[in-house]
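The values are calculated or read from the model by the stated rules, or taken from the named source; none is laboratory data. Since we're looking at a predicted model, the values are computed, not measured. Cβ: placed from backbone, ideal geometry, glycine included. Neighbour counts: every protein chain shown.
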Amino acid sequence: MAKQGRPGAAKGKKGPLKGTGGHGRKALEGRGPTPKAEDRPYHKAYRAAKAAEKTTKPKKGKFVASSKGTSKTGGPEVLSGRNAVVEALRARIPATSLFVAQRVEMDDRMRESIALANHRGIPVSEVTRAEIDRMTGGDFVHQGIALQVPPYKYVDPNELLDRALSKSPLPLLVALDGITDPRNLGAIIRSVAAFGAHGIVLPQRRSVGVTASAWKTSAGAAARIPVALASNLNQVIKEYQRRGLFVVGLDADGDVMLPDFDLNDKPLLVIVGSEGKGLSRLVQENCDQVVSIPISSDTESLNAGIAASVALYQIAANR
């Protein structure tokens with residue numbers, strides 16, 4: 001008599017009737033290494049990373065002005081202010097959009113800006129003042145107008161000198177050493193244009209670039225004055241000296257006072273240091289002459305933009 005099996009037991013051959021497809025082995029292998037905290041949706045680090053991404057990422061179709069900082073490359077800039085915008089359009093800067101605030105009071109600069117944009121086929125959009133506030137990074141003196149432009153195009157330092165020599169046998173160039181405030185740069189660009197100098201040299205590191213704030217402070221002069229970018233300022237100084245320029249540094253500890261400076265009949269490179277630290281040691285050593293601006297003993301120092309203006313005015317007057 002056949003042995004009675006357990007109730008409910010499957011009858012047939014020993015072992016499984018078909019394979020499992022390796023599912024059991026895969027389960028035994030585990031799920032691999034534990035994901036990073038910021039990659040796990042239910043971890044607080046994941047939520048914090050997503051919140052930070054929303055804060056820093058610009059909305060689609062919008063533009064944010066980099067009014068501060070030292071970056072010299074990157075995305076589009078937004079210029080604001082009636083003088084800056086109309087000067088940029090007159091100089092045929094390759095702008096891509098013009099934004100005008102709703103119900104803004106029109107003047108000749110606004111009308112000319114709109115006319116120039118229309119003539120060049122640049123889209124003109126009427127937006128709220130709040131939108132221009134946001135585009136210009138909270139610059140509430142944008143005067144109801146903003147212009148989107150590509151990143152500033154720098155020239156090579158040797159090209160800058162070639163251009164200057166083609167315009168004058170006595171070129172006058174300005175180099176900046178340690179200037180990090182874009183408003184100072186904008187003021188110096190404006191003075192360079194006002195007193196007949198031919199361009200500016202900026203170091204690639206530890207220096208401000210031509211940002212939207214610098215553009216605005218220059219009152220449009222940045223559209224006319226070329227700016228060169230130097231990977232090594234001291235090498236540029238030596239090259240300019242080799243090509244015949246006399247290098248003058250502005251510093252509070254100079255050995256000659258500006259009114260007594262009598263080399264204005266030479267091609268010049270004037271170097272302006274930062275307001276706090278002045279010229280760096282190596283730059284000062286490479287200067288042919290270090291000049292001071294006489295000021296009252298009650299005043300510790302001059303703003304870099306003002307110092308550059310005074311020096312350029314004195315040189316222009318003597319020439």
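The single condition among (1) touching a residue at least 12 places away in the same chain (Cβ under 8 Å); (2) more than 21 Å from Pro151 (Cβ to Cβ); (3) surrounded by fewer than 24 Cβ atoms within 10 Å (Cβ to Cβ) that Gly209 does not satisfy is (2).
Answer yes or no: is there a residue in the range 223-231 that is within 17 Å of Ala316 (Cβ to Cβ), assigned by TED's automatic domain parsing to the domain that holds Leu176 and in contact (Cβ under 8 Å) with a residue 24 or more places away in the chain. I'd like the intermediate steps shown before the answer.
Here is the first cut: in the range 223-231, the ones within 17 Å of Ala316 (Cβ to Cβ) are 224-225.
With assigned by TED's automatic domain parsing to the domain that holds Leu176 added as a condition, the list becomes 224-225.
Still in the running and in contact (Cβ under 8 Å) with a residue 24 or more places away in the chain: 224-225.
Yes, some residue in the range 223-231 is within 17 Å of Ala316 (Cβ to Cβ), assigned by TED's automatic domain parsing to the domain that holds Leu176 and in contact (Cβ under 8 Å) with a residue 24 or more places away in the chain.
With respect to the conditions (1) among the hydrophobic types (A, V, I, L, M, F, W, C); (2) crowded, with 21+ Cβ neighbours inside 10 Å; (3) in contact with a Lys or Arg (Cβ under 8 Å, 6 or more places away or on another chain); (4) not in a strand (DSSP E or B), Leu79 lacks only one, and its number is (4). Condition check for Leu202 on (1) free of Cβ contacts under 8 Å to residues at least 60 places away in the same chain; (2) closer than 15 Å to Pro226 by Cβ: one failure, at (1). In the set (1) within 18 Å of Leu233 (Cα to Cα); (2) part of a helix (DSSP H, G or I); (3) in contact with a strand residue (DSSP E or B) (Cβ under 6 Å, 6 or more places away or on another chain); (4) of a type outside the set (S, T, N, Q), the condition left unmet by Leu173 is number (2).
Residues that are surrounded by 13 or more Cβ atoms within 10 Å (Cβ to Cβ) and among the aliphatic types (A, V, I, L, M) within the range 125-165 comprise Val127, Ile132, Met135, Ile145, Ala146, Leu147, Val149, Val155, Leu160, Leu161, Ala164, Leu165, listed in sequence order. In the condition set (1) in a helix (DSSP H, G or I); (2) within 19 Å of Pro169 (Cα to Cα), Gly305 is compliant with all but (2). Of the residues in the range 157-174, not one is more than 21 Å from Phe246 (Cα to Cα) and at pLDDT below 95.
Just need a number here: residues in the range 262-302 that are assigned to a helix (DSSP H, G or I) and within 19 Å of Glu239 (Cβ to Cβ). Residues that pass the stated criteria total 5. When Arg205, Arg163 are checked against the criterion of being outside the structural domain of Met110 (by TED's automatic domain parsing), part of a helix (DSSP H, G or I) and under 25 Å from Cys287 (Cα atoms), a single residue qualifies: Arg163. Restricting attention to the range 279-310, the residues being farther than 20 Å from Arg190 by Cβ, in contact (Cβ under 8 Å) with a residue 40 or more places away in the chain and under 27 Å from the mean Cα position of the chain (by Cα) number 5.
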